[in-house]
Amino acid sequence: MSPINRDLHRYDQVKGKKVKNRLNNDLCEDLQRLGFNTRGKTIKEVQELATSQNIPIRVEEDDIVESWVGKPKRLRQMLWERGLLDPQVTYVAKIKRDDPNLEEKVQYSIVLADCADFLSKKQV
């Protein structure tokens, strides 16, 4: 990523608006506050009941393109900054036991466990 692009995408940006259906739990909470029993009802029935009570079933939200500023670092980023990643090795977050290429892969947490400041941390 070029320095100009990096600066442009450094912070979260609002791309526009998007309309989403409200979750069943949210609608049920609003209806229960009004005294309606929603137990055992399908989402379609709950939406119809909410509409009849003038409760909106859709919400408009900002469509946000996320960036990295203010977000926690991942294991891969920490290992890369410390120079511990080997380009010849395949790293994974978690090794699956039934993986046919098991010998070729290394978990991030195993590499990070060798660092002195992470020795006391619990492995995930």
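The values are calculated or read from the model by the stated rules, or taken from the named source; none is laboratory data. Predicted, not measured: the structure shown is a model, and the values here were computed from it. Note: ideal-geometry Cβ built from the backbone for every residue, glycine included; neighbour counts use all protein chains shown.
Would you please list the contacts, defined by Cβ atoms under 7 Å and residues six or more apart or on different chains, that run from a residue in the range 81-108 that is at pLDDT below 80 to a residue that is part of a loop (DSSP other than H, G, I, E, B)?
Between residues of the range 81-108 that are at pLDDT below 80 and residues that are part of a loop (DSSP other than H, G, I, E, B), the close pairs are L102/I95.
Taking the range 22-35 as the search range and keeping residues that are exposed (fewer than 15 other Cβ atoms within 10 Å of the Cβ) and of a type in the set (A, V, I, L, M, F, W, C), which one is farthest from K71 (Cα to Cα)?
Across the range 22-35, the extreme among qualifying residues is L34.
Kindly indicate which of R74, R97 is loosely packed, with under 10 Cβ neighbours inside 10 Å, among the charged types (D, E, K, R) and out of contact with any Leu (no Cβ under 8 Å at 6 or more places or on another chain). Reasoning before the result, please.
Values: R74 fails: loosely packed, with under 10 Cβ neighbours inside 10 Å.
So the residue among R74, R97 that is loosely packed, with under 10 Cβ neighbours inside 10 Å, among the charged types (D, E, K, R) and out of contact with any Leu (no Cβ under 8 Å at 6 or more places or on another chain) is R97.
Tally time: how many residues in the range 63-81 are over 30 Å from V19 (Cβ atoms) and among the aromatic types (F, W, Y)?
Number satisfying all stated conditions: 1.
Any residue in the range 32-45 that is closer than 14 Å to I57 by Cα sitting within a Cβ distance under 7 Å of a residue that is part of a helix (DSSP H, G or I)? List the pairs, counting only those 6 or more apart or interchain.
Once the first residue is closer than 14 Å to I57 by Cα and sits in the range 32-45, its partners that are part of a helix (DSSP H, G or I) give I43/N24.
Identify the residue in the range 1-21 that is in a loop (DSSP other than H, G, I, E, B) and within 19 Å of the chain's Cα centre (by Cα) and, among all such residues, is nearest to I64 (Cα to Cα).
D12
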